[in-house]
There are 2 protein chains.
Amino acid sequence: MKITEYISGLRENIHLAREQGKIIVLIPTMGHLHYGHLSMVENARKDDGDREKVYIIMSIFVNPLQFGENEDFDRYPRNLVRDSRLAQEAGVDMLFVPSVQEMYPDGQSLTTINVSRISEILCGSKRPGHFQGVATIVNKLFNIVLPDIAYFGQKDYQQFIVINKMVKDLNILVQLIAFPTVREQDGLAMSSRNSYLSSEERQQAPIIYQSLREGAVLITEGETDPDVIITTIKDRISKGSKGKIEYVEVRNAHNLERFEKIEGTVVISLAVWFGSTRLIDNILLEA
Amino acid sequence: MKITEYISGLRENIHLAREQGKIIVLIPTMGHLHYGHLSMVENARKDDGDREKVYIIMSIFVNPLQFGENEDFDRYPRNLVRDSRLAQEAGVDMLFVPSVQEMYPDGQSLTTINVSRISEILCGSKRPGHFQGVATIVNKLFNIVLPDIAYFGQKDYQQFIVINKMVKDLNILVQLIAFPTVREQDGLAMSSRNSYLSSEERQQAPIIYQSLREGAVLITEGETDPDVIITTIKDRISKGSKGKIEYVEVRNAHNLERFEKIEGTVVISLAVWFGSTRLIDNILLEA
């Protein structure tokens, strides 16, 4: 595995890989790798059948542009030594670990990409500017790497929808993969932010996925009223834990619009605070 | 010369040209071609020494996203038959003439690119959203074509600066060329919008460039007060024509910031209305 901090070095290596006819795969992360990240690497390696045909680039960059002023940019966990070992073991070909200076040489980007409407709801309504920051950095990475395929975790489902819309609207030629959320044995979605949880919070946190599954079962059994689902999930979390609910929503999984009556492909999506840690999760299903 | 309305057809042809080792050149236009456009084609053809080494794509697209509600989107001159003849004669390899539907299949783009600060001044202050529309469509064209080189007219100098900043901020790998403004014999900058002018207006319009040159001479002779330059140009236009001045500005040519005291590379930039026609022009110089 190669590792570089520099866009120029990354581009050179990609150029060579492309000349060798390889398929360029990008897996953007913020580091503090867990098995959710690593299983994307494994999937990219094996999906093609021929291990040698793909060239897997993983980026690790904690992007200041997508953090709000009072959010956890400073304390976001960073451990490059551990991450590079894990990335290498998983089969990454090139690890891209730019500095903030390398990605934003002018101190700030005057240029931002906004995907209106779907950026302002759900997580976006409490994190103004967050999805602009995400869209902008992902667009930069796409322009640097020009990947054939890019992986994103389904746990950040709204992020995936925003990026997918950006890709379509801006005619970016890349195949996006929403990789299914990898979970701990008790159902908690893997996330770098789980490391913030106290042991009591960690013990209670699986209620998030349990309540999502309960909601999903109700829909599968024929419930079509979003409010019934939302209330059920909220009650379950409030009564069974100290989690403070930011939102629970039932939405059209394609465009994130609300339902009057649930039908088609559905995402149940939520954000819950345990102490000072904000956890998100979602579940996809057919109504 | 090939001609296509479709992104897929364009991409196929570019792919072939790239496989032949050609340098991909993009010249985005809104059509109604004049010698300003055509001289960019000639320049791209000859600049490389080897005519066969470049593959020149000209796009013709009147982009609704960059027109304000009360602007001239509907009456903007369109003449594809004439344009395609001129493009072919000039040496274009591929003419891309997408429909609005092809470029905005969802009716509207949720995704927009904003280059803050430099988009809101000069022409941007009277045309809110204009440079967002420009940045967004140019970004789309860049993603479709992935050009090695792209030409823009210097007449739209602020547009060039906005695109240049977008390219840097988003790590787009393209060489931008600001092609010097081509003028009529009497100095009027060539523009598709000149066709709107009545014969009286057309007779008076050269005062724009005359006044810009007068301002440039004052700076070259040592004048460092922007207000003196601005007032001189405004007086000249007001007294010598029926033109109504929208703005006259003296700015740092790199970042479009104002001067307290003129120095370095300078752009004098203006917008003047003749009847219902808005004309812009600028002049670049070293103070």
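Quick notes on this one:
- Boolean, B:PRO105 is free of Cβ contacts under 8 Å to residues at least 40 places away in the same chain, assigned to a loop (DSSP other than H, G, I, E, B), of a type outside the set (A, V, I, L, M, F, W, C) and under 25 Å from B:ILE57 (Cα atoms): yes
- Top-ranked residue in the range A:132-148 [being touching an Asp or Glu at 6+ places or on another chain (Cβ under 9 Å) and in contact (Cβ under 8 Å) with a residue 40 or more places away in the chain; ranked as nearest to B:TYR104 (Cα to Cα)]: A:THR136
- Within the span defined as the range B:222-232, one or more residues are part of a helix (DSSP H, G or I), loosely packed, with under 13 Cβ neighbours inside 10 Å and at pLDDT 95 or above.
- Odd one out for A:LYS155 among (1) crowded, with 22+ Cβ neighbours inside 10 Å; (2) assigned by TED's automatic domain parsing to the domain that holds A:LYS46: (1)
- When residues of the range A:260-287 are limited to those that are among the polar types (S, T, N, Q) and in contact with a Phe, Trp or Tyr (Cβ under 8 Å, 6 or more places away or on another chain), the one nearest to A:VAL182 (Cα to Cα): A:ASN282
- With respect to (1) surrounded by fewer than 18 Cβ atoms within 10 Å (Cβ to Cβ); (2) out of contact with any Pro (no Cβ under 7 Å at 6 or more places or on another chain), the lone exception for B:SER195 is condition (2).
- Considering A:LEU279, A:LEU285, A:LEU256, the condition of being in contact (Cβ under 8 Å) with a residue 60 or more places away in the chain, in contact with a helix residue (DSSP H, G or I) (Cβ under 7 Å, 6 or more places away or on another chain) and in a loop (DSSP other than H, G, I, E, B) is satisfied by A:LEU256 alone.
- Among residues of the range B:106-125, those that are more than 8 Å from chain A (Cβ to nearest Cβ) and farther than 24 Å from B:TRP273 by Cα, counted: 2
- Condition check for A:PHE160 on (1) within 14 Å of chain B (Cβ to nearest Cβ); (2) surrounded by fewer than 22 Cβ atoms within 10 Å (Cβ to Cβ); (3) in contact with a strand residue (DSSP E or B) (Cβ under 6 Å, 6 or more places away or on another chain); (4) under 23 Å from B:THR136 (Cβ atoms): one failure, at (1).
- Filtering the range A:1-36 to residues that are part of a helix (DSSP H, G or I), within 23 Å of the chain's Cα centre (by Cα) and not aromatic (Phe, Trp, Tyr) leaves A:ILE7, A:LEU10, A:GLY36.
- Single residue of A:VAL217, A:VAL162, A:VAL167 found to be without any contact (Cβ under 8 Å) to a residue 40 or more places away in the chain, assigned to a helix (DSSP H, G or I) and in the same structural domain as A:VAL115 (by TED's automatic domain parsing): A:VAL167
- Candidate set: the range B:37-65, residues that are touching a Lys or Arg at 6+ places or on another chain (Cβ under 7 Å) and either aromatic (Phe, Trp, Tyr) or in a helix (DSSP H, G or I) (or both); chosen: the one farthest from B:ALA90 (Cα to Cα): B:LYS53
- Of residues in the range A:42-82 being crowded, with 17+ Cβ neighbours inside 10 Å and touching a strand residue (DSSP E or B) at 6+ places or on another chain (Cβ under 6 Å), the one farthest from A:THR4 (Cα to Cα): A:ALA44
- Scanning the range A:66-102 for residues that are of a type in the set (S, T, N, Q), in contact (Cβ under 8 Å) with a residue 40 or more places away in the chain and in a loop (DSSP other than H, G, I, E, B) returns A:ASN79, A:SER99.
The values are calculated or read from the model by the stated rules, or taken from the named source; none is laboratory data. Keep in mind it's a predicted model, so treat the numbers as computed, not measured. Note that each Cβ is placed from the backbone with ideal geometry, even for glycine, and that neighbours are counted across all protein chains shown.
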